[in-house]
Structure formats: C-alpha cells, structure tokens
Amino acid sequence: MKSLLARRETGILGLVLVAMIVVQAVNPLFLSAVNVRDLLVQNAPFAIVACGMTLVVVVGEIDVSVGAMAGLLASVLGTLSSPTLGGWSPPAAIAVTLGLGGVLGLANGLLVSLVRLPSIIVTLAALSLYRGCTEVMLGGKWITDLPPGLRTIGTGALAGVPVPVIAATAVVALAATAAVWTPFGRRAYAVGSDPHAADVTGLRKGRIKLVSFVLLGVLTALATVVSVPRLSVIESGFGTGWELFVITCVVVGGVSITGGRGSVIGALFGVFLLGTVRTELVYLRLGDQATYWERAVQGLFILGAVVADRIVESRSEREALAT
C-alpha cells in the first residue's frame, strides 16, 4: 500500500479527482453523463498519441512533429476519401493514412538512429516540412464533404461506447502490456536509462529507437483517423498544438524527459489531468481567455513535472551514494 501511494501515477490520479470535484462544485453540469462522454471522446486521440510518445521519450528521444504530422495525414485522408476529390473508399483511404504515418515515423527514426542527428532538430525540421506540405496540398481550401462511412468512425458507437474511446482503450492496453511484458519494452527502458550500458550489453539501440518512431507515426495516424470524422471541415491548421499538449501529458504523467523511466498508464493519467483542466477552463466561464490560460497552465505543468523529476533523480543519486 505504501509503495502504491508513493507512485507518481497515484499522485496524478489524485490531482485529476481533486480538479473534478472542485469544478463540479462550481458547475454541477461538469460531471453530467454527456460531458463525461465528450471528455473521453475529445481526449481519446491524445491518449493514442501519448502511448507512442511515451515509448519515444523512454528511449531518450522526443518528437515535436506529431501535430504537423497529424495535419498532413488529415489532409491526405480527407483528399482521398472526399467524393469530389479522390473518391476513394474509406477503408482504402484509412489504410493509406496509416501506412503514410508509419513512413513519416520511419523517416524521423532513420535520421535519428542511423544518421544520429538530435531528435529535437530532426522533428523540428519535420514539423516545418509537414506544415508546408499540408498548406500546398490544401491551397488554403477546406475539405467539407467527408463520406458518411468515414464519419461513422468518429461519431459512431459500439454497445454505447464511442468508437474513438474503444480505439484508445485498445491501444493503451496493448502499449502498457508491451512496455512491461515484452523483450522490446524492457530493452527500450534499458536504452533510455543507460545508453552506454546498452552498448556494452549488445542492445541494438538504433533499431529500438527506429521502431519507437515508426510506432509513434502509426499511432499519430490512428489518432487522426478517429479525430477527422468528428469535424465538419479539414483545414491546414488541424493538429496545431498536439505536440505540446501530448509532451506535457507524458512528462506530467511521470515519464522522465531524459529517458528510462515512466509508464503508459502514467501518461494516460496525464492526458486525463490536462484534458480535464482544459474542459474546466471552459466551465469556469473564462471566455476567450480560456485558450491563453490553457497555454499558461501547460507551461506550469511542464515546469512542475521537470522540477519534480529532477528532485526524484537527486534523491536516487543520494541514496545510491549512501549504499
């Protein structure tokens, strides 16, 4: 019991519950069934991307291009599936989108693992490249005629559970299991916690990092597929801010920004915490200022998480020296 209470995930879950109770006291409609359902659906794409981002951060890297990548993938999905543009069937357009997500992740991963460029530089360049390609593809126009078959993915439900929530639940379950119980997951933590030791023991760091980036690309594509059908239009700004939001959720959830520590479940709690705070700002009736407050709160959460992470590292170092 003591070890459970000491876990970072337990603290984040406590913060989520406290935040919900406070806003429920201010606005009794906050925890209504409709609002809770909307909260889950809105955060499902971020939970999916957070699973992939957790893996990339655990191996000691970062990807700031996921928002721009989602924008490019949304443009491709919309262009292919629109009856007046591509005219492709929804399954074919989705398959291409998922495959393209893997290719974009592979490109980032190759530059990081084989060329050995810093991931922050590679993905910053990718962010600019993807945004430019999106704007060229759309040419300032909006895609508004998505086919009904595609819209069902974002707005439909199975046994009363929205499809995006089902997809996010499945991804989180698979990612959490893979991170803890598979050789790949254990090697990823080993690479992130001590790269030099990983070299000595013969772990193939480059391959592990490459696979991590590919998985993040595919999961970003999946998040795009469940997000796009809920929108009435696709425009070039789709995905803007995803990268900061997801990275904040992952770091706040206890994943060390230097790699080697953290969990998928912690990142999921981070998504719930940040997602709840964002909804709370609306319910607190801040009007147009809610967006500005959201950015300020994200910055505070990042600073707080990094400081907490540093305190934990310092304590661990002191304990190691004492033994």
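The values are calculated or read from the model by the stated rules, or taken from the named source; none is laboratory data. This is a predicted model, so every value here is computed, not measured. All Cβ positions, glycine included, derive from the backbone under ideal geometry; neighbour counts span all protein chains shown. Side chains included, ligands, DNA and RNA excluded: accessible areas come from the protein's heavy atoms. Shrake-Rupley method; radii C 1.70, N 1.55, O 1.52, S 1.80 Å.
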Criterion first (part of a loop (DSSP other than H, G, I, E, B), within 16 Å of V57 (Cα to Cα), of a type in the set (V, I, T) and over 11 Å from the mean Cα position of the chain (by Cα)) does I208 satisfy it? no
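Residue-by-condition table, conditions (1) out of contact with any Gly (no Cβ under 7 Å at 6 or more places or on another chain); (2) surrounded by fewer than 19 Cβ atoms within 10 Å (Cβ to Cβ); (3) modelled with pLDDT of 75 or more:
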site: I257; (1), (2), (3): yes, yes, yes
site: A267; (1), (2), (3): no, no, yes
site: G270; (1), (2), (3): no, no, yes
site: L284; (1), (2), (3): yes, yes, no
site: I311; (1), (2), (3): yes, yes, no
Condition (residue is in contact with a Leu (Cβ under 6 Å, 6 or more places away or on another chain), more than 20 Å from L281 (Cβ to Cβ) and surrounded by 13 or more Cβ atoms within 10 Å (Cβ to Cβ)) applied to the stretch 26-48: is it met by at least one residue? yes
For the stretch 81-102, enumerate the residues that are touching a Gly at 6+ places or on another chain (Cβ under 9 Å) and over 26 Å from A47 (Cα atoms). L85, G86, S89
Which one is most open to solvent (accessible area, probe 1.4 Å), of the residues in the stretch 106-140 that are more than 23 Å from the chain's Cα centre (by Cα) and free of Cβ contacts under 8 Å to residues at least 60 places away in the same chain? R116
Going through the stretch 228-252 one residue at a time, which ones are within 27 Å of L138 (Cβ to Cβ), open to solvent by less than 10 Å² (accessible area, probe 1.4 Å) and assigned to a helix (DSSP H, G or I)? V228, P229, F245, V246
Looking at V225 and the list (1) among the β-branched types (V, I, T); (2) at pLDDT below 90; (3) within 22 Å of V136 (Cα to Cα), which single condition is not satisfied? (2)
Report the residue count in the stretch 142-173 for those that are open to solvent by 70 Å² or more (accessible area, probe 1.4 Å) and free of Cβ contacts under 8 Å to residues at least 60 places away in the same chain. 4
Given the residues V64, V96, which is the only one that is outside any helix (DSSP H, G or I) and modelled with pLDDT of 95 or more? V64
